[in-house]
Amino acid sequence: MTLPVVAAALVFWVCVFMVYFTSSGTTPREFFFGRYEAPPHDLGRWQEQGMDTETQLLREERYLLPGGRSSPHLVRQVRYRDPQSRKIVQIGAETRVARPRVGRRS
(Lines give C-alpha, C1' and ligand atoms only; values in the text may rest on other atoms or scores of the structure.)
Protein backbone atom coordinates (compact mmCIF):
# COMPACT_ATOMS: atom_id res chain seq x y z
CA MET A 1 0.00 0.00 0.00
CA THR A 2 2.76 2.48 0.83
CA LEU A 3 4.82 1.81 -2.30
CA PRO A 4 2.22 3.25 -4.74
CA VAL A 5 1.71 6.30 -2.51
CA VAL A 6 5.45 7.00 -2.27
CA ALA A 7 5.88 6.48 -6.03
CA ALA A 8 3.00 8.86 -6.77
CA ALA A 9 4.49 11.49 -4.45
CA LEU A 10 7.88 11.19 -6.13
CA VAL A 11 6.34 11.51 -9.60
CA PHE A 12 4.37 14.56 -8.44
CA TRP A 13 7.48 16.34 -7.10
CA VAL A 14 9.53 15.46 -10.18
CA CYS A 15 6.81 17.04 -12.31
CA VAL A 16 6.73 20.15 -10.11
CA PHE A 17 10.50 20.61 -10.40
CA MET A 18 10.48 20.01 -14.16
CA VAL A 19 7.78 22.67 -14.61
CA TYR A 20 9.88 25.05 -12.48
CA PHE A 21 13.08 24.41 -14.46
CA THR A 22 11.43 24.67 -17.87
CA SER A 23 9.60 27.86 -16.93
CA SER A 24 12.86 29.46 -15.77
CA GLY A 25 14.57 28.51 -19.07
CA THR A 26 17.11 26.14 -17.62
CA THR A 27 17.66 22.47 -16.99
CA PRO A 28 18.34 20.82 -13.64
CA ARG A 29 21.96 20.21 -14.67
CA GLU A 30 22.47 23.89 -15.59
CA PHE A 31 20.76 24.97 -12.39
CA PHE A 32 23.03 22.95 -10.12
CA PHE A 33 26.33 22.99 -12.05
CA GLY A 34 26.12 26.23 -14.05
CA ARG A 35 25.85 26.95 -17.76
CA TYR A 36 28.61 26.28 -20.23
CA GLU A 37 30.77 29.21 -21.17
CA ALA A 38 29.73 30.80 -24.48
CA PRO A 39 31.55 29.42 -27.50
CA PRO A 40 34.31 31.58 -28.99
CA HIS A 41 33.15 34.37 -31.29
CA ASP A 42 35.32 33.02 -34.13
CA LEU A 43 33.89 29.51 -33.96
CA GLY A 44 34.63 27.56 -37.14
CA ARG A 45 37.01 30.17 -38.63
CA TRP A 46 40.71 29.53 -39.06
CA GLN A 47 42.88 31.90 -37.02
CA GLU A 48 46.58 32.37 -37.75
CA GLN A 49 48.65 31.73 -34.62
CA GLY A 50 52.04 32.76 -36.03
CA MET A 51 55.18 30.90 -37.04
CA ASP A 52 55.85 27.53 -35.43
CA THR A 53 59.45 27.58 -34.18
CA GLU A 54 60.11 23.85 -34.70
CA THR A 55 58.81 23.43 -38.25
CA GLN A 56 59.09 27.04 -39.52
CA LEU A 57 55.51 26.79 -40.82
CA LEU A 58 52.53 29.06 -40.20
CA ARG A 59 50.27 27.57 -37.57
CA GLU A 60 46.49 27.99 -37.87
CA GLU A 61 43.80 26.67 -35.57
CA ARG A 62 40.04 26.70 -35.26
CA TYR A 63 37.45 25.50 -32.78
CA LEU A 64 34.32 23.56 -33.65
CA LEU A 65 31.30 22.82 -31.50
CA PRO A 66 30.05 19.30 -32.22
CA GLY A 67 26.58 18.40 -31.06
CA GLY A 68 25.20 21.93 -30.67
CA ARG A 69 25.37 24.49 -27.89
CA SER A 70 24.92 21.94 -25.11
CA SER A 71 28.07 20.03 -26.02
CA PRO A 72 30.46 19.68 -23.06
CA HIS A 73 33.55 20.11 -25.24
CA LEU A 74 35.01 21.92 -28.24
CA VAL A 75 37.15 20.33 -30.93
CA ARG A 76 40.43 22.11 -31.75
CA GLN A 77 41.85 21.56 -35.24
CA VAL A 78 45.38 22.64 -36.17
CA ARG A 79 47.00 22.92 -39.58
CA TYR A 80 50.35 24.18 -40.81
CA ARG A 81 50.95 26.19 -44.00
CA ASP A 82 54.05 26.95 -46.01
CA PRO A 83 54.84 30.68 -45.49
CA GLN A 84 55.62 31.35 -49.18
CA SER A 85 53.09 29.26 -51.10
CA ARG A 86 50.37 29.26 -48.38
CA LYS A 87 49.68 25.59 -49.15
CA ILE A 88 48.68 23.27 -46.33
CA VAL A 89 51.70 21.12 -45.52
CA GLN A 90 50.70 19.33 -42.33
CA ILE A 91 47.52 18.70 -40.36
CA GLY A 92 47.58 18.12 -36.62
CA ALA A 93 45.38 15.71 -34.74
CA GLU A 94 42.02 16.95 -33.46
CA THR A 95 41.91 17.50 -29.71
CA ARG A 96 38.95 17.83 -27.39
CA VAL A 97 38.89 20.89 -25.16
CA ALA A 98 36.53 20.88 -22.19
CA ARG A 99 34.16 23.84 -21.97
CA PRO A 100 34.24 25.46 -18.55
CA ARG A 101 31.04 26.21 -16.72
CA VAL A 102 30.26 29.74 -15.62
CA GLY A 103 28.61 30.66 -12.32
CA ARG A 104 25.94 28.57 -10.80
CA ARG A 105 22.37 29.80 -11.00
CA SER A 106 23.26 32.74 -13.21
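Remarks
- Taken over segment 45-71, the criterion of being within 21 Å of R101 (Cα to Cα) and loosely packed, with under 11 Cβ neighbours inside 10 Å is satisfied by P66, G67, G68, R69.
- All of (1) assigned by TED's automatic domain parsing to the domain that holds V14; (2) within 16 Å of the chain's Cα centre (by Cα) hold for T26 with one exception: (2).
- All strands (runs of 3 or more DSSP E) inside segment 25-106 with 2 or more residues being polar (S, T, N, Q): 47-51
- Single condition S71 does not satisfy, out of (1) touching a residue at least 24 places away in the same chain (Cβ under 8 Å); (2) touching a Ser or Thr at 6+ places or on another chain (Cβ under 9 Å): (2)
- If you go through segment 1-23 and keep only what is more than 29 Å from the chain's Cα centre (by Cα) and either among the hydroxyl-bearing types (S, T, Y) or in the same structural domain as S70 (by TED's automatic domain parsing) (or both), you end up with just T2.
- Single unsatisfied condition, A9 versus (1) assigned to a loop (DSSP other than H, G, I, E, B); (2) at negative phi: (1)
- Taken over segment 21-38, the residue count meeting the criterion of being touching a residue at least 60 places away in the same chain (Cβ under 8 Å) and not small (G, A, S) is 6.
The values are calculated or read from the model by the stated rules, or taken from the named source; none is laboratory data. Because the structure is predicted, anything quoted here is derived from the model rather than measured. With ideal geometry, Cβ positions are generated from the backbone for all residues, glycine too; neighbour counts draw on all protein chains shown.
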